[in-house]
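Trainee: Starting off with a structure, shown below.
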Amino acid sequence: MRFFSRSTSNDSSQQSPSTPSSSTPLFSPSTSVASGPARPIRLVYCDERGKFQMDPEAVSLLQLVKEPIGVVSVCGRARQGKSYILNQLLGRSSGFKVASTHRPCTKGLWLWSTPLKRTALDGTEYNLLLIDSEGIDAYDQTGTYSTQIFSLAVLLSSMFIYNQMGGIDEAALDRLSLVTEMTKHIRVRASGGKTTASELGQFSPIFVWLLRDFYLDLVEDNRKITPRDYLELALRPVEGGGRDVSAKNEIRESIRALFPDRDCFTLVRPLSNENELQRLDQISMEKLRPEFKAGLDELTRFVFERTRPKQLGSTVMNGPIFAGITQSFLDALNNGAVPTITSSWQSVEETECQKALEYATEVYKSSFDRTRPPEEVCCITRNT
């Protein structure tokens, strides 16, 4: 059990995905631990009683992943191309469902059935899980449900990609006000009162604000700036007084505190033709704008270079721990309680350790020669 060591409605079947490598081309074949072709499988959903559930198929798959795992989630508003980005990370044109209608394609959280074999910058080998999230602010959602889905994706991720159309303005920041709501729905510890964004920030994933169809020139004081500079400028406190300014600054402060490790990427519009944009997943990469492809390559490299195995303190997450943590969070939500990070991790650790003890005990017992009487076995042992 080295994970406790002290160390710093489904789509139709698809073909096996590809995983990126550090050399060109970006992607190479990967095999699945799931039975059958690789495909998206439902991870978390809301049943007819309004209760969150984990899909048994996803739980079974996660139980097979005994090695460390990293998790990349993509979240954002409905119908803005989250699934397309995930498919690009998979190195395939289709995988997670993409549609051209106004209705959201993804409900709850969906998991790609094939973990991608990766190596972190420190040399650690791990399995990368990709998660597609239901669009926040979909017309058939409540505010509380959106916050819960958003919070779950953040809590479970090593890297959290917030996908958005256009630039960062007051409207965009206001939509991300779910960040300020997270502190009401999550606690770090069972005791100690309300959790602050700074406390949650200690457990937060790398945050990537991905700006799609971006057309602005990134210039400040007559000099070019990076997308990351642009993000930091947008998160600076607004000068002035009054309730409106205070509310704006609260959102900015919450984002900075909750996501201390953050970055920003921009992608230009991939095509000019509106009809082709509605079926972007069917368009070959050769037909896309070179600037878009270059930006996509840069984002992909960042994701695969910076994502690391998920851990809390010295405990590294594997598939069974991930399943247990997810279920613990869902149980809290279903019971009207506030998910508590450290308590959930401790509970799952204890469960996994108990399983390891029981397994070791069975292995130890099975090593005995049951064909001989106990006295005869003891005599043979002493003589040898």
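The values are calculated or read from the model by the stated rules, or taken from the named source; none is laboratory data. The shown structure was predicted, so the numbers you read here are calculated from the model rather than taken from an experiment. We place every Cβ from the backbone using ideal geometry, glycine too, and count neighbours over all the protein chains shown.
Trainee: Of all residues in the range 206-226 being more than 28 Å from the chain's Cα centre (by Cα) and in a strand (DSSP E or B), which is farthest from L155 (Cα to Cα)?
Mentor: Applying the filter and picking the extreme gives R223.
Trainee: Additional query: Can you find, within the range 247-261, the residue that is surrounded by the fewest Cβ atoms within 10 Å (Cβ to Cβ) among those that are among the small types (G, A, S) and out of contact with any Gly (no Cβ under 9 Å at 6 or more places or on another chain)?
Mentor: Quick first cut of the range 247-261, residues among the small types (G, A, S) only: 247, 254, 257.
Checking which are out of contact with any Gly (no Cβ under 9 Å at 6 or more places or on another chain) leaves us with 247, 254.
Details: A247: 14, S254: 24.
Checking each candidate, the answer is A247.
Trainee: May I pose another question? Would you pick out the residues in the range 54-83 that are among the hydroxyl-bearing types (S, T, Y) and closer than 30 Å to Q282 by Cβ? Give the derivation first.
Mentor: At the first step, the residues of the range 54-83 found to be among the hydroxyl-bearing types (S, T, Y) are 60, 73, 83.
Across the range 54-83, the qualifying residues are S73, S83.
Trainee: Another question, then. List every residue pair whose Cβ atoms sit under 6 Å apart, with the two residues 6 or more apart in sequence or on different chains, where the first one lies in the range 43-55 and is within 16 Å of I131 (Cβ to Cβ) and the second, anywhere, is polar (S, T, N, Q) and part of a strand (DSSP E or B).
Mentor: Y45/Q53
Trainee: Are there any pairs, at least 6 apart or on different chains, whose C-beta atoms fall under 6 Å, with the first in the range 232-243 and under 11 Å from I168 (Cβ atoms) and part of a helix (DSSP H, G or I) and the second modelled with pLDDT under 95 and among the β-branched types (V, I, T), and if so, which?
Mentor: Pairs that qualify, where the first residue is under 11 Å from I168 (Cβ atoms) and part of a helix (DSSP H, G or I) and the partner is modelled with pLDDT under 95 and among the β-branched types (V, I, T), are A234/I168.
Trainee: Please go through the range 314-332 and pick out each residue that is assigned to a helix (DSSP H, G or I) and under 19 Å from the mean Cα position of the chain (by Cα).
Mentor: G319, P320, I321, F322, A323, G324, I325, T326, Q327, S328, F329, L330
Trainee: Could you tell me which residue of the range 32-82 is farthest from the chain's Cα centre (by Cα), considering only residues that are among the hydroxyl-bearing types (S, T, Y), surrounded by fewer than 24 Cβ atoms within 10 Å (Cβ to Cβ) and under 22 Å from K117 (Cβ atoms)? Write out each step before concluding.
Mentor: Looking only at the range 32-82, we keep the residues that are among the hydroxyl-bearing types (S, T, Y), and these are 32, 35, 45, 60, 73.
Next, only the ones that are surrounded by fewer than 24 Cβ atoms within 10 Å (Cβ to Cβ) stay: 32, 35, 45, 60.
Within this subset, residues satisfying the condition of being under 22 Å from K117 (Cβ atoms) are 32, 35, 60.
Values: S32: 19, S35: 23, S60: 19 Å.
Checking each candidate, the answer is S35.
A quick yes/no check of all residues on (1) in a helix (DSSP H, G or I); (2) surrounded by fewer than 17 Cβ atoms within 10 Å (Cβ to Cβ); (3) at pLDDT below 95:
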site: D263; (1), (2), (3): no, no, no
site: P270; (1), (2), (3): no, no, yes
site: D281; (1), (2), (3): yes, no, yes
site: E291; (1), (2), (3): yes, yes, yes
site: F304; (1), (2), (3): yes, no, yes
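Trainee: Are any of the residues in the range 303-315 among the β-branched types (V, I, T) and more than 27 Å from Q88 (Cα to Cα)?
Mentor: yes
Trainee: Something else about it: Keeping to the range 84-103, report how many residues are modelled with pLDDT of 70 or more and touching a Gly at 6+ places or on another chain (Cβ under 8 Å).
Mentor: Number of matching residues: 2.
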